[in-house]
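Q: Take this structure, written in structure tokens, and hold onto it; I'll ask about it next.
The values are calculated or read from the model by the stated rules, or taken from the named source; none is laboratory data. Predicted model, so just to flag it, every value in this text is computed and none were measured. Ideal geometry is used to build each Cβ from the backbone, glycine not excepted, and the neighbour counts take in all protein chains shown.
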Amino acid sequence: MSVLVNKDSKVIVQGFTGSEGSFHAGQMIEYGTNVVGGVTPGKGGQTHLDKPVFNTVSEAVAKTGADVSILFVPPAFAADAIMEAAEGGIKVIVCITEGIPVADMVKVKEYLCDKDTTLIGPNCPGVMTAGEAKVGIMPGFIFNKGTIGIVSKSGTLTYEAVDQITKIGLGQTTAIGIGGDPIIGTTTKDAVKLLMNDPETEGIIMIGEIGGNLEAEAGKWIKENGTKPVVAFIAGETAPAGRTMGHAGAIVGGHDDTAAAKKAILRSCGVHVVDSPAEIGKKMAEVLGVTA
Amino acid sequence: MYNNCELIVQKKYEIRPDKIITNITFEETIKSVMNLHEYQGKEILKSYGVPVQEGIVVDNIDNAEAAAKELTEKTGTGWYVVKAQIHAGGRGKGTCEESGSHGVVIAKGLGEVNEKVKGILGNHLTTLQTNGVGKKVNKVLIAEDVYAPDFDKCDEFYMSVLLNRETGRNIIMYSTEGGMNIEDVAENTPHLIHKEEIDPKVGIQGFQCRKIAFNLGLTGTAMKNMTKFVKALYTAYEGCDASMFEINPVLKDCEDRIKAVDAKVTLDDNALYRHPNYEAMRDTSEENPIDVEAKEAGLNYVNLDGNVGCMVNGAGLAMSTMDIIKLSGGEPANFLDVGGTADAERVAKAFNIILKDENVKGILVNIFGGIVRCDRVANGVVQAYKTIGNIKVPIIVRLQGTNAVEAKEIIDNSGLNVYSAITLQDAADRVKELILN
């Protein structure tokens, strides 16, 4: 099973022939991902990395049956490319691009709301289903097929968690990097829901950081609907809040956005919270009653 | 704790409405917005037809009187408002260290202009948002007195435009309680704060502008003028790719005209490529010099008060590394994200910046090599160490991921005061053993 992407996913790469796109598409193919082609406007008809290049997403979908797209498109053109993917019938859009203007994402969010598509990111490391499909920039070799799903806002901290889960002998189903921008397509709660409903996933790791209310929202959902153990780490216990919490926070529930407050909320929702990022894997093994 | 950092973050996020709507992540506080001075913000507003309190900016006392005369010719003003231009709020209540003057003062006639400007220009202004450190005032704005001739017939409102992250849509937040600290209003009388959400499909509509005007208690000409003001303000917000507008106060003067008396404008850094003319408005003299140096080197750096420095790839892992330093009994001396390329040059720059802080007793390098190869990073660390020459504190290098074992060998065989670790726990233990014992 797994979620979002698997060995049957037909993946196209938007921004295929650029340097980032080429490098990571190569890595994805090497991992065994079913990359069926790419899109670079104006280069349609060419072949790149032994795969066909198309001018438009619609054409790529018509010719290859692609259902997943990953974007390595520069920030100025990324919003347009996301909308093109949705219009072209892509079901899962993974946007790696960092630095998209917020105003562009306001339009994208509106555009996607009545489309049958899921956006992951932007500004994220992508989605990876261990042993099946890498649709992102995560290092493939640290993954091992297993039973743990991972949801995370950050890049390298996700790798840290993946690595610990592999080393402790559990392995992963799917890791989802949701991204850290003000407007993202899939929230922590959305991603946790997906994994909760995945029969292969036996435990979920949720990695968050200070700021925002994504983790608290997910925690509240888990409390009501959770059927599997969730281990969480919130980075930034020692990071400066910077903004004086307290006054304004009281108005729209901002009290819950420090690391300590988030951890307290998650604990009250039955989530297993670790204080040290070095203990994510250990805690999951302990909760599942597995000895490393 | 974290005095320096609060200063930095406040400086970058002096505007408050974001806290009232929803909170921002740490990652966002350390990048992605550009602050403007009041006079720059007003220039942008004016260019979109938003009526503003007119003024002329001066950076030299010799030009002050001439500027005031010119302003009177243009607007007919008899009094002048002299306003310090710094990137911090609370200027009116703030105090200049040298002169004792407030940051916003009235000159009751041309004769007082020189004296009032002298009290601010070149002085160091301390406000509630400068965190105890006076900020040098390089420019003052000499502005018209918009409250004349009858102060009692004027009304002040509050208005801001920003993104509501929960819905992914822009909103206009407004209140009859203008000229006050909006956080206090939100805390004490939340029912006096209104929000109007803009549908991105159709943009701002006339009925929304009218609703705002009516909710502010306006009628007749003032209502019509406010409707136009709101429309122009929102158009400006979208047009210049702002991250936030805060106009406090918005004034209804005795002739029912609506004007922006103050303007706090921040722009979305990521959209500046669409507005090359705004790039020139960046005032690096407002930024901490170490910040500027770090930014130029492509590093995300925030100085903190602790004793263990760190250098990490990725913001989330960087914060986790700070957490692990704390759990080991130390205090993080900084936040530093080196980004994707941790080559020798960048590592050397990062070390140099970290070592400027005399409280640093040791440095923990934590790199998870995904695409980046750990052996290259290890070579970079060794090379940087040798280039800098006189590093007196121990360095712990935790390299995990691609070629981690080779990297460990490079570190172990370097013969330098550099120690290796592979797991995060090893790194934590080493911090305790080598730096904090």
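Q: Name the single residue that is farthest from the other protein chains (Cβ to nearest Cβ) among those in the stretch B:313-328 being outside any helix (DSSP H, G or I) and out of contact with any Lys or Arg (no Cβ under 6 Å at 6 or more places or on another chain).
A: Selected residue: B:N313.
Q: Collect the residues in the stretch B:171-228 that are polar (S, T, N, Q) and touching a Gly at 6+ places or on another chain (Cβ under 9 Å), keeping them in residue-number order.
A: B:T176, B:N181, B:T227
Q: Right, something else. Between a first residue in the stretch B:263-283 that is on the phi < 0 side of the Ramachandran plot and more than 13 Å from every other protein chain (Cβ to nearest Cβ) and a second residue that is acidic (D, E) and surrounded by 21 or more Cβ atoms within 10 Å (Cβ to Cβ), which pairs have beta carbons less than 7 Å apart while being 6 or more apart in sequence or on different chains?
A: Cβ pairs passing all conditions: B:A263/B:E38; B:K264/B:E246.
Q: Still on this structure, I have one more. Identify all residues within the stretch A:1-33 that are part of a loop (DSSP other than H, G, I, E, B) and aliphatic (A, V, I, L, M); write none if there are none.
A: Hits for the stretch A:1-33 are A:M1, A:V3, A:L4, A:V5.
Q: All but one of (1) among the acidic types (D, E); (2) within 14 Å of chain A (Cβ to nearest Cβ); (3) without any contact (Cβ under 8 Å) to a residue 24 or more places away in the chain hold for B:E238; which doesn't?
A: (3)
Q: Output the number of residues of the stretch B:118-139 satisfying the condition of being at pLDDT 90 or above, under 18 Å from B:E287 (Cα atoms) and of a type in the set (V, I, T).
A: Final tally of qualifying residues: 2.
Q: Working only within the stretch B:234-279, note down all residues that are of a type in the set (K, R), crowded, with 17+ Cβ neighbours inside 10 Å and modelled with pLDDT of 95 or more.
A: Residues satisfying the conditions are B:K252, B:K259.
Q: Hey, another quick one. Restricting attention to the stretch B:361-370, which residues are surrounded by 22 or more Cβ atoms within 10 Å (Cβ to Cβ) and either part of a loop (DSSP other than H, G, I, E, B) or within 14 Å of chain A (Cβ to nearest Cβ) (or both)?
A: The answer is B:L364, B:V365, B:N366, B:I367, B:F368, B:G369, B:G370.
Q: Here's another thing I want to ask about it. Applying the selection to the stretch A:174-196, what residues are polar (S, T, N, Q) and within 14 Å of another protein chain (Cβ to nearest Cβ)?
A: If the condition is that a residue be polar (S, T, N, Q) and within 14 Å of another protein chain (Cβ to nearest Cβ), then A:T186, A:T187, A:T188 are the ones that fit.
Q: May I ask you to say which residue of A:A81, A:A60, A:A86, A:A76 is touching a Lys or Arg at 6+ places or on another chain (Cβ under 6 Å) and either more than 24 Å from A:G131 (Cβ to Cβ) or not in a helix (DSSP H, G or I) (or both)?
A: Going through A:A81, A:A60, A:A86, A:A76 in turn, just one is touching a Lys or Arg at 6+ places or on another chain (Cβ under 6 Å) and either more than 24 Å from A:G131 (Cβ to Cβ) or not in a helix (DSSP H, G or I) (or both): A:A86.
Q: Here's something else I'd like to know. Considering only the stretch B:1-102, give the helices (runs of 4 or more DSSP H) lying wholly within it that have at least 1 residues that are over 21 Å from B:E287 (Cβ atoms) and either in contact with a His (Cβ under 6 Å, 6 or more places away or on another chain) or at pLDDT below 95 (or both).
A: Passing ranges, in order: B:17-21.
Q: Can you confirm whether the stretch B:45-65 contains a residue that is of a type in the set (S, T, Y) and over 18 Å from B:Y147 (Cα atoms)? Before the answer, list the steps.
A: Keep residues of the stretch B:45-65 that are of a type in the set (S, T, Y), which gives B:47-48.
When the remaining residues are screened for being over 18 Å from B:Y147 (Cα atoms), the result is B:47-48.
So far as the stretch B:45-65 goes, yes, one or more of its residues are of a type in the set (S, T, Y) and over 18 Å from B:Y147 (Cα atoms).
Q: How many of the residues in the stretch B:427-437 are within 11 Å of chain A (Cβ to nearest Cβ) and crowded, with 17+ Cβ neighbours inside 10 Å?
A: 2
Q: Considering only the stretch B:382-389, I want to know if a residue exists there that is hydroxyl-bearing (S, T, Y), at the interface with chain A (Cβ under 8 Å from one of its Cβ atoms) and free of Cβ contacts under 8 Å to residues at least 40 places away in the same chain.
A: The answer is no; no qualifying residue exists.
Q: Moving to a separate point now. So B:V133 fits all but one of (1) crowded, with 17+ Cβ neighbours inside 10 Å; (2) under 22 Å from the mean Cα position of the chain (by Cα); what number is the exception?
A: Looking at each condition in turn, B:V133 falls short on (1).
Q: Considering each of B:R373, B:R346 in turn, give the residue that is buried (at least 18 other Cβ atoms within 10 Å of the Cβ), at pLDDT below 85 and either within 28 Å of A:E20 (Cβ to Cβ) or facing chain A (nearest Cβ under 8 Å) (or both).
A: B:R373
Q: Right, something else. Do the conditions hold for B:F229, that is, is it over 30 Å from B:H275 (Cα atoms) and either surrounded by fewer than 22 Cβ atoms within 10 Å (Cβ to Cβ) or away from chain A (no Cβ under 14 Å) (or both)? Explain how you work it out, then say what you get.
A: Values: over 30 Å from B:H275 (Cα atoms): no; either surrounded by fewer than 22 Cβ atoms within 10 Å (Cβ to Cβ) or away from chain A (no Cβ under 14 Å) (or both): yes.
So B:F229 does not fit the description; no.
Q: Now for a separate question. Sort out which residues of the stretch B:208-245 are among the aromatic types (F, W, Y) and in a helix (DSSP H, G or I), and write them in order of number. Talk me through it step by step, then tell me what you get.
A: The first filter runs over the stretch B:208-245 and keeps only residues among the aromatic types (F, W, Y), leaving B:214, B:229, B:234, B:237, B:245.
Of everything in the stretch B:208-245, those that are among the aromatic types (F, W, Y) and in a helix (DSSP H, G or I) turn out to be B:F214, B:F229, B:Y234, B:Y237.
Q: I would also like to ask the following. Starting from the stretch B:185-208, keep only residues that are at pLDDT below 90, then list their pairs with residues that are among the polar types (S, T, N, Q) whose Cβ atoms are within a distance under 7 Å, requiring at least 6 positions of separation or different chains.
A: Close Cβ pairs satisfying both conditions: B:V185/B:S175.
Q: I've got another one for you. Note down all Cβ pairs under 9 Å where the first residue falls in the stretch B:336-360 and is farther than 18 Å from B:I435 by Cβ, the second is at pLDDT 85 or above and of a type in the set (F, W, Y), and they're at least six residues apart or on different chains.
A: Pairs that qualify, where the first residue is farther than 18 Å from B:I435 by Cβ and the partner is at pLDDT 85 or above and of a type in the set (F, W, Y), are B:D337/B:Y301; B:V347/B:Y385; B:A348/B:Y385; B:I353/B:Y301.
Q: I'd like the full set of residues that are surrounded by 16 or more Cβ atoms within 10 Å (Cβ to Cβ) and either in contact with a Lys or Arg (Cβ under 7 Å, 6 or more places away or on another chain) or over 18 Å from B:V50 (Cα atoms) (or both), limited to the stretch B:155-166.
A: Residues satisfying the conditions are B:D155, B:L163, B:N164, B:R165.
Q: Is it true that A:I210 is free of Cβ contacts under 8 Å to residues at least 60 places away in the same chain, over 30 Å from A:A81 (Cα atoms) and either facing chain B (nearest Cβ under 10 Å) or of a type in the set (G, A, S) (or both)? Even if it seems obvious, please write down each step before you answer.
A: On the way: free of Cβ contacts under 8 Å to residues at least 60 places away in the same chain: yes; over 30 Å from A:A81 (Cα atoms): yes; either facing chain B (nearest Cβ under 10 Å) or of a type in the set (G, A, S) (or both): yes.
Yes; evaluated as a whole, the condition is true for this residue.
Q: Go through the stretch B:215-235 and give me each residue that's under 18 Å from B:A260 (Cα atoms) and without any contact (Cβ under 8 Å) to a residue 12 or more places away in the chain.
A: B:K224
Residue-wise test of (1) aliphatic (A, V, I, L, M); (2) under 26 Å from B:K295 (Cβ atoms); (3) touching a Ser or Thr at 6+ places or on another chain (Cβ under 7 Å).
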position: B:G362; (1), (2), (3): no, yes, no
position: B:V365; (1), (2), (3): yes, yes, no
position: B:Q383; (1), (2), (3): no, yes, no
position: B:G401; (1), (2), (3): no, no, no
position: B:E406; (1), (2), (3): no, no, no
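Q: Given B:A378, B:A384, which one is surrounded by 18 or more Cβ atoms within 10 Å (Cβ to Cβ), of a type outside the set (S, T, Y) and closer than 23 Å to B:N307 by Cβ?
A: Going through B:A378, B:A384 in turn, just one is surrounded by 18 or more Cβ atoms within 10 Å (Cβ to Cβ), of a type outside the set (S, T, Y) and closer than 23 Å to B:N307 by Cβ: B:A384.
Q: State all residues of the stretch A:99-122 that are more than 9 Å from chain B (Cβ to nearest Cβ) and of a type outside the set (A, V, I, L, M, F, W, C); if no residue qualifies, say none.
A: A:D114, A:K115, A:D116, A:T117, A:T118, A:G121, A:P122
Q: Filter the stretch B:290-309 down to residues that are polar (S, T, N, Q) and part of a strand (DSSP E or B) and give me whichever is nearest to B:A333 (Cα to Cα). Walk me through how you get there before you give the answer.
A: Step one: list which residues in the stretch B:290-309 are polar (S, T, N, Q), which gives B:300, B:303, B:307.
So of that shortlist, the ones also part of a strand (DSSP E or B) come out as B:300, B:303.
Numbers: B:N300: 14, B:N303: 6 Å.
Among residues in the stretch B:290-309 that are polar (S, T, N, Q) and part of a strand (DSSP E or B), the one nearest to B:A333 (Cα to Cα) is B:N303.
Q: Next up: Between A:A78, A:A85, A:A66, A:A60, which is within 14 Å of chain B (Cβ to nearest Cβ) and surrounded by 22 or more Cβ atoms within 10 Å (Cβ to Cβ)?
A: Result of the check over A:A78, A:A85, A:A66, A:A60: A:A78.
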